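Heads up: the structure comes next, in structure tokens.
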Amino acid sequence: MPPFLTTTDGLSIAYRKLPGNPPTVMFLPGFFSHMQGTKAQWLEKCCNERGQAYIRFDYRGHGESDGQFEDGTVSDWLSDALLVLDNAADGPVVLVGSSMGGWIAILAALARPEKVRGVVGVASSPDFTRSVWKNRLSENQRNEMVRNGFILAPSEYRDEPVKITHKLILDGENHLLLHKGKLNIGIPVCLIHGVKDADVPWKKSKQLHHLIGKEKSELVLVPDGEHRLSRQEDLKLIDRAVQNVSAQLSGHI
């Protein structure tokens with residue numbers, strides 16, 4: 001059994017921690033993903049081999065943590081990330097966020113500037129709740145969601161449909177990044193995105209890159225990369241980005 005941290009509403013958040021040298025690398029999974037995924041475990045292996053501290057966790061309603069997926073919101077999942085960051089991760093920290101985790105990583109960096117000193121975004125999906133509402137749902141689906149509080153949406157990543165709630169969509173409006181001005185994040189950020197990503201357009205990472213500023217952020221496009229970015233060459237690219245951002249903080253690892 002992994003160790004757990006308890007949220008203010010009594011849920012247990014599972015995490016796994018690897019001791020090592022700073023900066024600590026902390027992995028944030030994507031929407032309906034978990035800490036047993038390919039990227040999360042690959043980065044743990046890489047960090048272990050070079051003696052770098054590493055931590056991964058599951059949001060509420062995901063993986064080994066308590067709660068029901070459909071009860072969660074971006075606010076909840078950000079709160080879970082901050083709980084782990086505050087209580088289990090030794091600073092300084094480099095956050096690695098995959099898909100939705102890339103959104104939450106930037107939000108966490110803005111919320112904890114003294115502790116989060118670098119970010120690597122992998123197929124980052126900021127503001128995806130607004131994108132779902134405006135671009136993915138038909139008018140009938142939007143009406144159904146407002147009427148019933150949710151819809152059941154098919155997913156290529158699981159056999160059963162995913163329950164997408166109106167509460168999730170509304171809550172996402174409180175955390176938008178792409179619909180504001182410049183992001184005063186002030187730390188090294190590397191954004192990796194596949195040009196052939198059919199789930200999250202690579203231009204989202206380009207927008208983030210522009211809002212953060214080219215002097216602090218790097219945009220790395222993978223010409224044949226898809227959303228998962230879990231091929232061996234993708235995984236190596238992600239780890240190189242982690243090492244590069246880490247080196248900017250400590251001089252060397």
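Descriptive notes on the structure:
- Residue match in region 41-54 (condition: basic (Lys, Arg) and under 29 Å from Pro161 (Cα atoms)): no
- The helices (runs of 4 or more DSSP H) found wholly in region 143-253 and carrying at least 1 residues that are in contact with a His (Cβ under 8 Å, 6 or more places away or on another chain) and small (Gly, Ala, Ser) occupy 203-212.
- The set of residues in region 204-225 that are β-branched (Val, Ile, Thr) and either in contact with a Ser or Thr (Cβ under 6 Å, 6 or more places away or on another chain) or over 18 Å from Gly186 (Cβ atoms) (or both) comprises Val220, Val222.
- Residue match in region 130-137 (condition: under 18 Å from the mean Cα position of the chain (by Cα), surrounded by 23 or more Cβ atoms within 10 Å (Cβ to Cβ), on the phi < 0 side of the Ramachandran plot and not basic (Lys, Arg)): no
- Test: residue in region 125-141 that is of a type outside the set (A, V, I, L, M), farther than 27 Å from Arg228 by Cβ, part of a helix (DSSP H, G or I) and without any contact (Cβ under 8 Å) to a residue 40 or more places away in the chain: yes
- Where a residue in region 148-173 is exposed (fewer than 14 other Cβ atoms within 10 Å of the Cβ) and modelled with pLDDT under 95 and its partner, wherever it lies, is of a type in the set (A, V, I, L, M) and not in a helix (DSSP H, G or I), with Cβ under 6 Å and at least six apart: Ser155/Val162; Pro161/Leu152; Pro161/Ala153
- With respect to (1) of a type outside the set (S, T, N, Q); (2) touching a helix residue (DSSP H, G or I) at 6+ places or on another chain (Cβ under 7 Å); (3) surrounded by fewer than 18 Cβ atoms within 10 Å (Cβ to Cβ); (4) at pLDDT below 95, the lone exception for Leu176 is condition (4).
The values are calculated or read from the model by the stated rules, or taken from the named source; none is laboratory data. Treat the numbers as computed from the prediction; the structure is a model and nothing was measured. Cβ sites come from the backbone with ideal geometry, for glycine too, and all protein chains shown count toward neighbours.
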